[in-house]
Amino acid sequence: MTEQPQEPLLSVTGLAVDYGTGRRRARVVEGVDLAIPPGRTLGLVGESGSGKSTIGKAVLGLVPIAAGSVVFEGRDVARLSGRERRALGARRQVVFQDPYSSLDPTKTIGYTLAEPCVNRPAGERMTRQQIADRMGSLLGRVGLGPDAAHRYPAQFSGGQRQRIAIARSLMLSPRLVVCDEPVSALDLSVQAEVLNLLAEVQRDLGLSLLFISHDLTVVRHISHEIVVLRGGRVVERGPAERVYEYPEDPYTQSLLASAPVPDPDEQQLRRDARRALAEQEG
């Protein structure tokens with residue numbers, strides 16, 4: 001018996017996003033199609049200005065859509081009422097790039113984690129005990145003890161702060177988490193720890209992740225599928241290993257050549273490859 005294909009949790013079709021108004025209006029994303037099944041990770045990779053973070057914002061409903069659709073859990077997000085969007089927000093969460101600015105330095109970690117639970121509509125609020133239990137469970141899951149709830153962001157390292165940001169994104173039991181450059185501000189050794197944590201959480205909780213980064217090596221480490229963006233358009237897509245090992249588009253090849261690696265000989269080979277690609281394009 002043939003297995004039926006799984007319905008995507010998130011489906012983006014023909015997405016276009018404009019910035020500015022009037023004569024200064026500029027299209028920064030054009031004709032982008034994406035699909036993320038439940039429990040899978042899609043990596044979105046491109047240089048600064050490629051439109052990758054704008055797509056993440058469109059998925060979260062943070063920027064208006066000029067054309068196309070964003071369908072989450074079978075519903076077109078643009079057609080929902082304000083109340084429906086707020087309810088949907090609990091199931092779509094985000095982890096931002098900078099662990100130093102994403103946490104309020106004047107609030108304890110416990111306050112920061114509890115805030116999204118307290119601000120839910122009356123019928124969806126958790127009791128104090130439920131919040132405390134959830135908080136303790138998630139702090140343990142991300143490798144921090146329950147005492148972390150009583151401390152302030154300044155008392156943690158960058159990697160620990162990003163672990164806290166991940167815990168906060170999970171407080172409302174979302175189905176999709178948008179990770180926008182979540183490790184780019186961290187040291188390489190800490191990057192690996194946070195990536196492994198995200199992969200573990202994704203697997204254990206059955207989450208879907210939209211993982212956004214400029215680094216193809218990082219994206220390959222965590223993603224099932226990769227989509228490569230250039231100038232707001234998709235230039236390549238495919239299974240993560242295929243795109244990484246056998247990139248077809250010259251732009252994808254240049255991204256791979258520019259990705260940092262610990263081996264100096266391999267890094268020199270990539271520099272030579274990048275130089276050859278530049279000469280071909282020039």
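Just one of the numbered conditions (1) under 14 Å from the mean Cα position of the chain (by Cα); (2) among the polar types (S, T, N, Q); (3) in a loop (DSSP other than H, G, I, E, B) is not true of residue 169; which one?
Evaluating residue 169 over (1) under 14 Å from the mean Cα position of the chain (by Cα); (2) among the polar types (S, T, N, Q); (3) in a loop (DSSP other than H, G, I, E, B) leaves (3) as the failure.
Of the residues that make up the stretch 37-50, is at least one farther than 23 Å from residue 205 by Cα, of a type in the set (Lys, Arg), out of contact with any Phe, Trp or Tyr (no Cβ under 8 Å at 6 or more places or on another chain) and surrounded by 16 or more Cβ atoms within 10 Å (Cβ to Cβ)?
No, the conditions are met nowhere in the stretch 37-50.
Just give me the residues in the stretch 195-246 being among the aromatic types (Phe, Trp, Tyr) and more than 19 Å from residue 158 (Cβ to Cβ), in sequence order.
The answer is 244, 246.
Identify, by number, the condition in (1) over 23 Å from residue 229 (Cα atoms); (2) within 20 Å of the chain's Cα centre (by Cα); (3) of a type in the set (Ser, Thr, Tyr) that residue 50 doesn't meet.
It is condition (1) that residue 50 fails.
Can you find even one residue in the stretch 179-187 that is closer than 25 Å to residue 90 by Cα, part of a loop (DSSP other than H, G, I, E, B) and not assigned by TED's automatic domain parsing to the domain that holds residue 38?
Checked against the condition, which is being closer than 25 Å to residue 90 by Cα, part of a loop (DSSP other than H, G, I, E, B) and not assigned by TED's automatic domain parsing to the domain that holds residue 38, the stretch 179-187 yields no hits at all.
Only one of these conditions is not met by residue 269: (1) at pLDDT below 95; (2) in contact with a helix residue (DSSP H, G or I) (Cβ under 7 Å, 6 or more places away or on another chain). Which number is it?
Every condition holds for residue 269 apart from (2).
Is it true that some residue in the stretch 145-155 is free of Cβ contacts under 8 Å to residues at least 24 places away in the same chain, out of contact with any Gly (no Cβ under 6 Å at 6 or more places or on another chain) and under 24 Å from residue 118 (Cα atoms)?
Yes, the conditions are met somewhere in the stretch 145-155.
What is the number of the single condition among (1) in contact with a Lys or Arg (Cβ under 8 Å, 6 or more places away or on another chain); (2) within 29 Å of residue 159 (Cβ to Cβ); (3) without any contact (Cβ under 8 Å) to a residue 40 or more places away in the chain that residue 62 does not meet?
All conditions are met except number (1).
Are any residues in the stretch 84-132 within 21 Å of the chain's Cα centre (by Cα) and hydrophobic (A, V, I, L, M, F, W, C), and if so, which ones?
Of everything in the stretch 84-132, those that are within 21 Å of the chain's Cα centre (by Cα) and hydrophobic (A, V, I, L, M, F, W, C) turn out to be 87, 88, 90, 94, 95, 96, 103, 113.
Out of 169, 189, 184, report the one residue that is in contact (Cβ under 8 Å) with a residue 40 or more places away in the chain, among the polar types (S, T, N, Q) and either in contact with a Lys or Arg (Cβ under 6 Å, 6 or more places away or on another chain) or more than 26 Å from residue 87 (Cα to Cα) (or both).
Criteria check complete, one pass: 184.
Considering (1) assigned to a loop (DSSP other than H, G, I, E, B); (2) crowded, with 20+ Cβ neighbours inside 10 Å; (3) small (Gly, Ala, Ser), say which one residue 148 fails and leave the rest.
Tallying (1) assigned to a loop (DSSP other than H, G, I, E, B); (2) crowded, with 20+ Cβ neighbours inside 10 Å; (3) small (Gly, Ala, Ser), residue 148 fails exactly one: (1).
Restricting to the stretch 98-139, name every residue that is crowded, with 18+ Cβ neighbours inside 10 Å and in contact (Cβ under 8 Å) with a residue 60 or more places away in the chain.
Residues satisfying the conditions are 99, 102, 103.
The values are calculated or read from the model by the stated rules, or taken from the named source; none is laboratory data. No experiment lies behind these values; they were computed from the predicted model shown. Reconstructed Cβ throughout: ideal geometry from the backbone, glycine too, with neighbour counts over all protein chains shown.
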